[in-house]
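Read the structure below first, then the notes.
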Amino acid sequence: MGTNIESGQIKTRQVNLSITGMTCSSCVGTIERSLNKIPGVRAAVNLAMESAHVIAPLNISEKELISVVTSAGYQATAFTGERESFERSNRLGIRLLITFLLTAPVILISMFHSWQMKVDTWLLSALDSLNNVLANNGQEFAISYPTAPIATWLLICLSIPVVFILAWPIHRAAIKNLTHPTMDTLVSLGSLVSIGWSTYSAATYVVKDNEMPSIYAEVASAVIFFVMLGRYLEHRAKRKAGSALAELFKLSAGTVEVQRGGITSVISIDELEIGDLFVVKPGDSIPTDGQVVSGFSTVNNSFLTGEATPIEVAINDLVFAGSINNNGNLIVRANRIGSDTELARITRMVLAAQSEKAPAQQLADRVSRVFVPSVLLLAIATFFTWYLIQDNISKSITTAVAVLVIACPCALGLATPIALLVASGRAARSGIVIRSPRSIEKSVGITDAVFDKTGTITSGQMIMQHMTLIDNPLATPSTSITASELMSYALSVESLDSHPVAVAISKALVAQGIKALPVSEFEQTSGVGVAGRVKPTITGAAKAVLIGTPISIARATTTFSPEIQNAIDSGVTRSNSIAVLAIDGLAYGVFEVGDEIKSESKSAIAQLQKAGINIWLVTGDNQQTALSIGAEAGIASDHIFATASPEDKLVFVENLQVKGKVLMIGDGINDAAALAKADLSIAMGSGTDTAIAAADITLIRSSLHAVIDSLAISRKTVKIIKSNLGWAFFYNIVGIPIAASGNLSPMYAAAAMSCSSLFVVLNSLRIK
C-alpha cells in the first residue's frame, strides 16, 4: 500500500509492509536500522502488527524496501490486510500440529521411566525378530545393537525433524542476526545445544551401574513446541486485536457498476475515474466518495461516525466509501477516488498510529538491544559456574539452556505495541482516530480543556431558531396576509439565495410543507439581503418581497411595529442572525437564525468538569454570543474569552501550560496553532484539514462524548501498558535467577516464556 505525499522539497510516498519472522524488540531494531540506512527513508516497525510503516523517496521502489528486509533475515510483502493474516495463521497452525505430533511422544516417554523400559523392551524384541529373519534367509550379517538404549535413539530421531526442519525459520533468523542477537538466537542456541549434547551422550554411552545416558531430546523438542504454540496464540490474538483495521480493509469495494455513454458495466474499483456515475443497490457498500445525482435512501455511516443510526440521503447529498446503502437505488457521481477517499484517509491514519512508537516502547527497544547479548553472557557464565561447582557437564548444559530459554524478551517487546494496537482499533470503531501513540500517553494528567465554539460545542450549521409573523401590521383588510402566504413569499426569494441564513430559512420552511411561488426581478445584495417580485396566483398582482438585515429593511419600509421590534431585540439578545420579511413596504415577519449547541455538549462538558478538568471557552465570536453559548453549555462566565484571534488562542494555551497540562479541542484553521501547542489536541473530523493535521486525535464522530471516550481509552491503555511492562520485567527478574539456580527444567522454562507473552496479549485485549 503506497500513498504519495510531500515532505519539504522532496516528494515521498508512504509504504506499508507486512513482515514475518519477527519475535522480539531486537528484531524490530534490526529491521529499522536496515531500512533507515537507505537515504531519505524513515521506517517504524511494529512487532504487534507485524508491519513496517515506511516513508520513502519516490525513487525508492517497494521492491527495494522488501529486498532490504529480506537481506536482514526476515520476509516482507506489500501490506494486503486480513487475507494474508489468515494464511499465515494456517501455516503456523499446520507447522504447530506436526511439531505436536512429534513432540508429544518424546515428552511422555521421557517423563515416565517405566515407559522408556517398555519401549526399549519392545524395540529390542523387534530388532531380535528382524535379525532372526535375516539369519533364516541365509544372510550373514546382522543389525548391531546400539550402545545406548534404543528408546533413547527413538527420542533423538523424533526430535531431529522438530529441531532442524520445523524450527528452521528460527535458526535462519538467528544466523542472519549473528551480529544483532534476538530471541531467535536464544531459542536456536538452546535447542541445538540440547539435541547436540543428547546425540553425543547417546553415541558415547557406556553401560555402567544401570545409569542412563544424559539426553535432553525432550528439552529440544519442547522448547520449539512451546515457542511455536506461543507464537500461534499470539498471532491469533493479534488478529483479534487488529480486527478494526481489518474491517476497514474489508469495507473497500473490489468492483463498481458504472454508467458511461448510456451503457452500464461492472469494472474494477481501480478503473473508476472522477466524474463517473456509478450505481449503488440496496445492501451494497458505496465504493467511493461521491455526490448523489439520483435516488433516495438511508445509509449506514457507522464506520465513519461510530453511530449506527441510518442517515437519509437524497439528490446533492454526499456519500462516502465504505458506507452501506440500506434501501433505495442510488446513482452517485464520483468526486474522490483511491487514496483520496475518507475511508482511505482514516485507514492511513490508523496504520500510521499503529506503526509509530510510544516513548515506553522506545525504552523497551533500547533495553532489548542489550538484554539478549547480556543473557548469552549470563548463560555462558552459568554453564562454567555449575561445571566448576559440580564437575557435571550434563547439569551445566541443562541449567544454561534453561537460562537461555526463559529469558527470551518477547513479552517485553509486545508489552507496548499490542496495547496500542488494541487501543487504536477500539477507538477507530467508535469514530475516533488516534494519530500517534504519544497521544495516548499524553492523555494522563490533563488539568485544563480549552474549547473552540463553532463546530465544536455548537453544530457549526445555521438553523432557524425562531419565527415571528404578523398577518396584518396595519389592521386593515388591504394589508392582511395569512401566515402560510407569508412563508410562501419568504421561501420564494430565499430559495434563490445561497447565503447560510437564507439556506437555513429555506430548509425550515420546506420542512413545514411550504411551497415556493414564481419570482421575477430577483436581486441579491451582499450583506443586505434579497428582493424579488412574487406572484401569488395566475391572476393576482405580484408583490414586492424583501428579506434582509433589520437596518436594510428599515430603510425601505415604514417604522417597525412593536411586535416586529420586540422580535428583533430578542434575537439580538440571543446573539442570533436576524432577517426581516417585508412585503410592499410593510414588515410582516422576523426570522431568527443561529448556530445551535450540540445536544450532548452540556453533558459532555459536565463529565469533564466532574473529572476535575477546568473547562474554558475561547472563541473568535463576539462576547455576547460567547456568553450565551457558554451559559447554555454549562461553562462559567469567567472561563469564557471572546473575540480571540489565532494568536490569542495560542497565548492562552501557553499561559495555562505554566500551571498544568492542557487539552485543546477545535476544528478551524484559526485553532491550528493552539492545537499544535497544547499537550494533547483533539480536532473535529468535520473541521479543516489544517486543524486535523495539527491534532493528536481526530473525532470522526462529531459528538463531544467522543472526547470522553478518547480520554477513557487512552487512560485505560496507559494502565495496561504499565502492567504489561511491569509483568515483563518482573517475569525476567524472577525467572532468570530461578533458572540459573538449577531449579527449573528447560521444558518448563519454554512453557513459562510462552505463557508470559500470551499474558501480555490477553491483558491488552481488556482495553475497551
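The values are calculated or read from the model by the stated rules, or taken from the named source; none is laboratory data. Quick caveat: nothing in here was measured; it's all calculated off a predicted structure. Here the Cβ is made from the backbone with ideal geometry for all residues, glycine too, and neighbour counts use every protein chain on show.
Here's the yes/no breakdown for (1) aliphatic (A, V, I, L, M); (2) more than 18 Å from Y489 (Cα to Cα); (3) surrounded by fewer than 21 Cβ atoms within 10 Å (Cβ to Cβ):
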{"position": "A567", "(1), (2), (3)": "yes, yes, no"}
{"position": "G571", "(1), (2), (3)": "no, yes, no"}
{"position": "A579", "(1), (2), (3)": "yes, no, no"}
{"position": "A582", "(1), (2), (3)": "yes, no, no"}
{"position": "K602", "(1), (2), (3)": "no, yes, yes"}
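Listed here are the residues, each with its yes/no results for (1) under 30 Å from L704 (Cβ atoms); (2) of a type in the set (V, I, T).
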| position | (1), (2) |
| --- | --- |
| Q565 | no, no |
| S570 | yes, no |
| S575 | yes, no |
| I578 | yes, yes |
| D584 | no, no |
| E600 | yes, no |
| A606 | yes, no |
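Within the range 243-276, count every residue that is of a type in the set (D, E) and at pLDDT below 55. Talk me through it step by step, then tell me what you get.
Restricting attention to the range 243-276, the residues satisfying the condition of being of a type in the set (D, E) are 247, 257, 270-271, 273, 276.
Right, trim to at pLDDT below 55 and you get 247.
Count: 1.
Report the residue count in the range 1-47 for those that are modelled with pLDDT under 75, assigned to a loop (DSSP other than H, G, I, E, B) and under 27 Å from G338 (Cα atoms). First the steps, then the outcome.
Let us first name the residues in the range 1-47 that are modelled with pLDDT under 75, namely 1-14, 21, 23-26, 46-47.
Next, only the ones that are assigned to a loop (DSSP other than H, G, I, E, B) stay: 1, 8-9, 21, 23-24, 47.
So of that shortlist, the ones also under 27 Å from G338 (Cα atoms) come out as 1, 8-9.
Of the residues in that region, 3 qualify.
Tell me, yes or no, whether the range 436-443 has at least one residue that is in contact (Cβ under 8 Å) with a residue 40 or more places away in the chain, under 18 Å from I578 (Cα atoms) and either surrounded by 22 or more Cβ atoms within 10 Å (Cβ to Cβ) or in contact with a Lys or Arg (Cβ under 7 Å, 6 or more places away or on another chain) (or both). Spell out the reasoning first.
So in the range 436-443, the residues in contact (Cβ under 8 Å) with a residue 40 or more places away in the chain come out as 436-443.
Applying the additional criterion that residues be under 18 Å from I578 (Cα atoms) yields none.
No: the range 436-443 contains no residue that is in contact (Cβ under 8 Å) with a residue 40 or more places away in the chain, under 18 Å from I578 (Cα atoms) and either surrounded by 22 or more Cβ atoms within 10 Å (Cβ to Cβ) or in contact with a Lys or Arg (Cβ under 7 Å, 6 or more places away or on another chain) (or both).
Go through (1) more than 58 Å from the chain's Cα centre (by Cα); (2) modelled with pLDDT of 85 or more for P550 and report which single condition fails.
The number of the failed condition is (1).
Being at pLDDT 80 or above, out of contact with any Phe, Trp or Tyr (no Cβ under 7 Å at 6 or more places or on another chain), among the hydrophobic types (A, V, I, L, M, F, W, C) and surrounded by fewer than 17 Cβ atoms within 10 Å (Cβ to Cβ) narrows it down to one of V279, V293, so name that one. Before you say what the answer is, go through the steps one by one.
On the way: V279 fails: surrounded by fewer than 17 Cβ atoms within 10 Å (Cβ to Cβ).
Of the residues listed, the single one that is at pLDDT 80 or above, out of contact with any Phe, Trp or Tyr (no Cβ under 7 Å at 6 or more places or on another chain), among the hydrophobic types (A, V, I, L, M, F, W, C) and surrounded by fewer than 17 Cβ atoms within 10 Å (Cβ to Cβ) is V293.
Conditions first: (1) part of a strand (DSSP E or B); (2) under 22 Å from I553 (Cβ atoms); (3) modelled with pLDDT of 85 or more; (4) among the small types (G, A, S). S681 passes all but one, so which condition is the exception?
Against the list (1) part of a strand (DSSP E or B); (2) under 22 Å from I553 (Cβ atoms); (3) modelled with pLDDT of 85 or more; (4) among the small types (G, A, S), S681 comes up short only on (2).
Can you confirm whether S599 is of a type in the set (S, T, Y) and part of a helix (DSSP H, G or I)?
Against the criterion (of a type in the set (S, T, Y) and part of a helix (DSSP H, G or I)), S599 does not qualify.
Quick one: count up the residues across the range 409-465 that are at pLDDT 80 or above and in a strand (DSSP E or B).
Residues meeting the conditions: 9.
If you check F591 against the conditions, is it assigned by TED's automatic domain parsing to the domain that holds L474, buried (at least 21 other Cβ atoms within 10 Å of the Cβ) and aromatic (F, W, Y)?
Working: assigned by TED's automatic domain parsing to the domain that holds L474: yes; buried (at least 21 other Cβ atoms within 10 Å of the Cβ): yes; aromatic (F, W, Y): yes.
Against the criterion (assigned by TED's automatic domain parsing to the domain that holds L474, buried (at least 21 other Cβ atoms within 10 Å of the Cβ) and aromatic (F, W, Y)), F591 qualifies.
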